[in-house]
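**Student:** This structure is in structure tokens; I'll ask about it shortly.
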Ligand code: FAD
Ligand code: MLT
Ligand code: ZN
């Protein structure tokens with residue numbers, strides 16, 4: 001073991017090979033506090049060559065590697081399970097310049113979403129994916145999780161923004177497809193394969209990312225409705241709005257908790273069961289057409305509208321501050337799921353009833369990306385390692401034809417249930433891909449596939 005640490009210290013400056021528990025601490029516990037493990041070291045390279053040399057050294061030593069960006073992932077995949085090396089990509093933080101004619105930009109894996117958004121905005125363009133963890137989430141992590149966020153209904157998720165990738169494979173070789181070509185039909189889509197691979201197939205070191213036009217006008221409405229069924233019928237009308245960017249859903253109990261946690265006033269003078277954040281953006285002012293569509297139906301109980309930045313941020317805050325609020329209440333069981341939109345209202349009803357049955361006395365907080373049929377089911381109460389509620393909710397999802405992970409991934413949190421919504425043939429194909437690209441299972445062992453848990457890197461647990 002000390003041989004590996006010594007070798008890593010020849011690859012990167014010794015100060016960037018961390019073994020002191022005080023320094024290692026923030027890298028080995030996840031954002032929710034539900035997942036934590038022991039790392040034999042945390043290594044912080046700053047170039048692709050250093051990443052490749054680290055991977056070769058770990059492969060030689062049979063040490064598992066956990067790639068990590070901002071450590072905002074929510075399924076336990078960014079922290080070690082037992083004795084792996086945490087490979088932090090945050091120092092690969094170079095971004096730009098923007099290629100204006102091609103509308104794309106090169107970004108290192110460690111560039112944060114907020115940095116990327118700022119660079120795009122300076123070029124009068126915009127990066128289309130947005131999520132509340134923008135100050136910490138990195139390009140590498142967002143590619144590895146195929147992150148979604150608020151604008152998927154208009155622009156797609158991370159995979160749709162990635163024109164090129166540079167990645168280090170498990171044998172230390174470098175896959176480099178960084179020409180930024182929009183059209184490239186030369187065999188298997190290796191870039192797409194890395195998107196959503198959760199650090200199990202390769203370590204992303206850089207990417208070419210698509211940029212889109214920055215809208216001149218942006219208008220946000222907070223719309224109160226009676227419940228999920230009304231929200232879905234309003235969604236059907238909203239689909240006719242060409243500039244529609246976001247339709248997010250929150251519920252009265254969650255909003256009340258957010259107000260108490262964040263010290264915010266209630267959004268309306270009286271509470272309503274369900275609120276939607278609806279946002280439109282474009283080159284002309286969408287206020288009128290938005291108001292026409294929202295105002296059309298009897299299902300709308302109240303509306304607040306803002307077009308200036310401060311007002312819009314305020315309307316978003318009742319939605320965006322859910323994640324931190326839930327974390328402040330305890331260690332959450334986070335079940336990020338999607339069902340067909342026609343099933344959403346029934347699913348919401350069933351999920352509340354099921355959680356009450358399986359975990360009486362627990363608190364269920366729901367919110368999500370309504371336009372994508374994506375609900376975040378958060379349960380506070382059950383012990384972190386009591387996963388009966390997780391299983392019950394995921395079985396409901398499968399019964400309604402949904403997916404057990406809409407955007408956060410499988411990680412270790414859901415690996416026991418991946419077979420609920422992926423067939424044996426799917427699983428065999430995924431295992432074959434994993435075996436071909438990482439035959440010794442050193443990349444993020446235990447993520448996605450249960451039987452890989454701890455295979456590489458666990459033998460020397462506790463001896464580092
Ligand atoms: P990490 O957490 O460090 O890692 C996540 C996964 O990617 C792990 O499997 C890790 O091994 C792998 N990984 C990291 N970097 C690399 C790399 N360079 N190469 C290969 N693998 C790598 N997610 C959404 O999809 N939509 C949301 O709306 C959303 N909102 C969030 C809001 C908050 C407040 C928080 C805390 C999280 C939210 N997330 C959301 C989850 C999270 O932000 C995303 O999954 C994000 O993409 C993770 O980026 P990261 O850099 O923090 O990755
Ligand atoms: C969100 O949309 O708020 C995120 O995906 C984070 C979460 O589910 O907590
Ligand atoms: Zn989300």
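Values in this text are rule-based calculations from the coordinates and carry no lab data. This one's a predicted model, so the numbers in the text were calculated from it and none came from an experiment. A quick note on method: Cβ atoms are made from the backbone with ideal geometry, for glycine too, and the neighbour counts reach across all protein chains shown.
**Student:** Which one of the conditions (1) part of a helix (DSSP H, G or I); (2) surrounded by 14 or more Cβ atoms within 10 Å (Cβ to Cβ) does residue 268 fail to meet, given that it meets all the rest?
**Tutor:** (1)
**Student:** Can you tell me which condition residue 37 does not meet? The list is (1) surrounded by fewer than 16 Cβ atoms within 10 Å (Cβ to Cβ); (2) under 30 Å from residue 390 (Cα atoms); (3) without any contact (Cβ under 8 Å) to a residue 60 or more places away in the chain; (4) in contact with a helix residue (DSSP H, G or I) (Cβ under 8 Å, 6 or more places away or on another chain), and all the others hold.
**Tutor:** All conditions are met except number (1).
**Student:** Can you confirm whether residue 398 is touching a helix residue (DSSP H, G or I) at 6+ places or on another chain (Cβ under 9 Å), without any contact (Cβ under 8 Å) to a residue 24 or more places away in the chain, over 27 Å from residue 316 (Cα atoms) and assigned to a helix (DSSP H, G or I)?
**Tutor:** Yes.
**Student:** Of everything in the stretch 317-342 that's surrounded by fewer than 19 Cβ atoms within 10 Å (Cβ to Cβ) and more than 11 Å from ligand 2 (Cβ to nearest atom), which residue is nearest to residue 264 (Cα to Cα)?
**Tutor:** Out of the qualifying residues, it is 317.
**Student:** Filter the stretch 431-451 down to the residues that are within 13 Å of ligand 1 (Cβ to nearest atom), part of a loop (DSSP other than H, G, I, E, B) and within 19 Å of residue 56 (Cβ to Cβ) and list them by number.
**Tutor:** 438, 442, 444, 445
**Student:** Under the condition of being away from ligand 3 (no atom under 16 Å from the Cβ) and either within 17 Å of residue 386 (Cα to Cα) or not in a helix (DSSP H, G or I) (or both), which residue from the stretch 329-358 is farthest from the chain's Cα centre (by Cα)?
**Tutor:** Checking each candidate, the answer is 357.
Every residue, every condition in (1) within 16 Å of residue 170 (Cα to Cα); (2) in a helix (DSSP H, G or I); (3) without any contact (Cβ under 8 Å) to a residue 24 or more places away in the chain, yes or no:
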residue	(1), (2), (3)
10	no, yes, yes
26	no, yes, no
50	yes, yes, no
57	yes, yes, no
71	no, no, no
74	no, no, no
80	no, no, no
85	yes, no, no
92	no, no, no
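**Student:** Grab the helices (runs of 4 or more DSSP H) fully contained in the stretch 113-183, keeping just those with 1 or more residues being within 18 Å of residue 282 (Cα to Cα) and touching a helix residue (DSSP H, G or I) at 6+ places or on another chain (Cβ under 6 Å).
**Tutor:** It comes to 152-155.
**Student:** If you don't mind, there's one more thing I want to ask. Which of the numbered conditions does residue 139 fail, given that it passes all the others? Conditions: (1) farther than 25 Å from residue 101 by Cα; (2) surrounded by 21 or more Cβ atoms within 10 Å (Cβ to Cβ); (3) near ligand 1 (Cβ under 8 Å from one of its atoms).
**Tutor:** The failed condition is (1).
**Student:** Got a sec? Which of 418, 412 is within 20 Å of the chain's Cα centre (by Cα), at negative phi, more than 15 Å from ligand 3 (Cβ to nearest atom) and assigned to a helix (DSSP H, G or I)?
**Tutor:** From the options 418, 412, the qualifying one is 418.
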